[in-house]
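Presented below is the structure to which this report refers.
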Amino acid sequence: MTTLLRQRQIHLDFHTGPDVPDVGVDFNAKRFAETLAAAHVNSITLFAKCHHGHLYYGTQRPERHSGLKAGLNLLEEQIEACRAVGIRTPIYLSVQCDEYAANLHPEWVARNPDGTPVGRPPLGTQGWQILDMCSPYADFLAEQVTEVVQRFKPVDGIFFDMCWDQPSVSRWAIDAMRRAGLDPASEADRATHARQVVHGYMDRYNRLIADVNGSAPAIWYNSRPKTRLADEAKYLQHVEIEALPTGGWGYTYFPLNVRWSRNFGLPFLGMTARFHKTWSDFGGYKPAAALKYELAQMLAHGGGCSVGDQLHPRGELDAEAYRLIGDAYQHVAACEPFGVDAQPVTEVAVLRSPDGGYHTKPGDALEGAVRLLQQLMVQFDFVSPMSDLTRFAVVIVPEGIDLSGATGEHLVSYVKGGGKLILAGRLPLTTASPELLRLAGVARVEESGARTPFFRYDRKLIPDAERSDVVLYDGTLRLAPTAAAASPAVIVEPYFQRSWDHFSGHGQTPPATVTDRVPATFTDQAAAIGFDLFGAYATHGQTHLRRLCRTLLNALLPRPLVRAELPSHVELTINQQPKRLVVHILSYAPQRRTPDLDLVEEATPLVNARVAIRMAEKPARVLLQPAGEPLAFDYRDGYVSFVFDSLAGHVLVTIE
């Protein structure tokens, strides 16, 4: 984590509707800053403009909130008080959500293909009207941005929110598409144009801010898909990963996206919130252990931390919220030295398509990959298919990656250069070249008629495998192995395929016939898995799938970076600082406590936990941090190993 990005940030929402009459009446600048400083905060994003389109600083513009206390220049006083105690103050502006502008100029609202307005319907109570950035609204926003930067320069940063690709068929959008040679009747062309529009205003506002401010401050455009960072890093100075686990993101969203985002050379931070659920959850407080876990995840992956809050309209910070935040940030502050100039240490890459939206679909292959590989303590990153793979010992090609073109050739070169490869899924196997299949020990790929086949594992290869046949709920390709290949299991077919007039029992038909076909193969260079492993793991969570993956990884990577005897809920990551390795061990277990919320109420103790890290030389010492307590260790066969007990959820060990 670079030292240019503050590690203990607050994102202070202030979306305040026009019917609130007493905005800022209880605001006290000194008390505001003292509360933040006491909670160990060193940066806070403050509102110039909210989704309602209201402004919160001294301005003659009519958008200033009508309920804002007369004579109160709220943003000015917030910034002045925070800077006096050393707290940075990036400024927030809403982009595509602006109720004031939408009500004043309904023609500026984006239009669906059927002509209806995008966003909240006229009588709706949830959501926002969505502005069209092809309309004159883009100039209206530029005027607001210019005034804000002029008034507060030099600004510490600008946080632009609600910046997704928004297709529209307004008259301005249609004219712009025609000028660009795009067909407004084509959904694909509308999507292409929507992305061009965003890139256009990102470039425009960046240049505007630099011209007025005298330099380019830290600028972030929120709600952008992280998969587009290769194209959009040039518009950014850092990356923020918004991920409120209980607000719809879940506990795998951040680790998934940070393992991708940290590969683009930009400093980054995670953003959670103090809320029990999601944004604007007044009176909702998450358990202290949950907030500590979420911040520890950010630290463990080498990032800074940001906690979301929402200021009460009257301007008084919430005492309980800052007790909660202060307790968590005290720990972050103690851990801060172990994140300076730290780089993640990884040895496995998982290919990820550069396509995709802001949110990943729950239960998809990427989520399954995060869960499975974290549980195996694998040190991995997500990377694009055509990126430089030479720094990784093993590359995993999951379902959804097409290998019929240049990607397949790229992977052949990677393996011929000494890399190891796992092809995991129907699409990679059915589009792979004969050469790639041969490298993985596959002579032939066949379709299977059974939707729910069974596996009979080789217990010589997998001693802890089930002693009976194990079902695969979603089917598999049938692989014919080459003479040089090994296979961890054979496929057992059921008596028949279940249908409406041909079935037995409640569920899948029982296993009946052992075949000579296999679900997976491996050689000393590559492995192949004939079914969508990670999607199946995300959907069904079968432990035999994790053991199968472990067996293939062990065959290709017999000396992994980490060997550990830890429960499967534990997350272990490694960062490299100039003179030491920093090992983060997180022991928290989110539980499904409501129909749609995974909650954390306490840390999970670790007893007699054993960890071994591969190192070329014997270290001088191993310390339990941040207290700096010496930890007994052993160095043997190229691994430094240590054993510890801990009641804390976040264990930090340095190997020096």
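So here's what we get for this one:
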{"quantity": "Aspartates and glutamates whose Cα lies under 13 Å from that of Lys153, excluding same-chain neighbours fewer than 8 positions away", "calculated": "Glu76, Glu80, Asp211"}
{"quantity": "Efficiency of FRET between Arg178 and Asp114 - r from beta-carbon atoms, R0 35 angstrom, step 0.05", "calculated": "0.95"}
{"quantity": "In order through segment 438-445: 3J(HN,Hα) via Karplus (6.51 cos²θ - 1.76 cosθ + 1.60), integer Hz, x for Gly, Pro", "calculated": "4, 4, 8, x, 9, 7, 7, 10"}
{"quantity": "Charge tally in the Cβ shell below 9 Å around Arg426, where Lys, Arg are +1 and Asp, Glu are -1, Arg426 excluded", "calculated": "-2"}
{"quantity": "Relative contact order (%) - segment 8-339, alpha-carbon pairs under 8 angstrom, separation at least six", "calculated": "20"}
{"quantity": "Net +/- balance of residues flanking Pro90 in space, Cβ distance below 11 Å, scoring K and R +1, D and E -1", "calculated": "0"}
{"quantity": "Contour excess over end-to-end distance, with Cα ends at Arg459 and Asp341 and 0.36 nm allotted per residue", "calculated": "38.0 nm"}
{"quantity": "Residue-averaged [θ]222 nm for the chain, counting only DSSP H segments that reach four residues, each worth -39500 (n - 2.57)", "calculated": "-8000 deg cm²/dmol"}
{"quantity": "Extension gain (nm, one decimal) between Lys69 and Arg563, 0.36 nm per residue minus Cα-Cα", "calculated": "171.8 nm"}
{"quantity": "P(r), alpha carbons of segment 8-339 - 20 Å bins starting at zero, rounded %", "calculated": "31, 61, 9"}
{"quantity": "Within the chain, percent of DSSP bridges classed antiparallel, to nearest 5", "calculated": "60"}
{"quantity": "Cβ-Cβ FRET estimate between Arg451 and Ala480, R0 fixed at 25 Å, reported to 0.05", "calculated": "0.75"}
{"quantity": "Loop trypsin sites (Lys or Arg not before Pro), segment 461-562, which have at most 10 other Cβ atoms in a 10 Å radius of their Cβ (DSSP)", "calculated": "Arg467"}
{"quantity": "Contour minus Cα-Cα distance for Ala627 and Glu466 (0.36 nm per residue)", "calculated": "53.6 nm"}
{"quantity": "Other-chain or far-sequence residues with amide H under 5 Å of Gln625's (modelled H)", "calculated": "Leu652, Val653, Thr654"}
{"quantity": "Angle between the chain longest axis and helix 137-152 axis [Cα atoms, degrees, rounded to 10]", "calculated": "70"}
{"quantity": "FRET efficiency, 1/(1 + (r/R0)^6) with R0 25 Å, evaluated for Arg323 and Asp645 via beta carbons", "calculated": "0.30"}
{"quantity": "Enclosed volume per residue, in Å³, of the convex hull spanned by Cα atoms of segment 346-556", "calculated": "127"}
{"quantity": "Relative contact order of the chain, pairs being alpha-carbon contacts under 8 Å that are 6 or more residues apart, as %", "calculated": "11"}
{"quantity": "Label-point separation, Leu123 to Tyr495 (7 Å along Cα→Cβ), nm", "calculated": "5.7"}
{"quantity": "Answer label, with semi-axes √(5λ) of the Cα gyration tensor in Å calculated from the coordinates and candidates [x] 90, 37, 33; [y] 113, 39, 21; [z] 46, 32, 23", "calculated": "[z]"}
{"quantity": "Ranked list, fewest to most other Cβ atoms within 10 Å of each Cβ, for Thr452, Thr272", "calculated": "Thr452, Thr272"}
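None of the figures in this text is laboratory data; all of them are computed from the coordinates on show. Keep in mind the model is a prediction, meaning the values are calculated, not measured. Here Cβ is always computed from backbone atoms with ideal geometry, including for glycine, and neighbour counts include all displayed protein chains.
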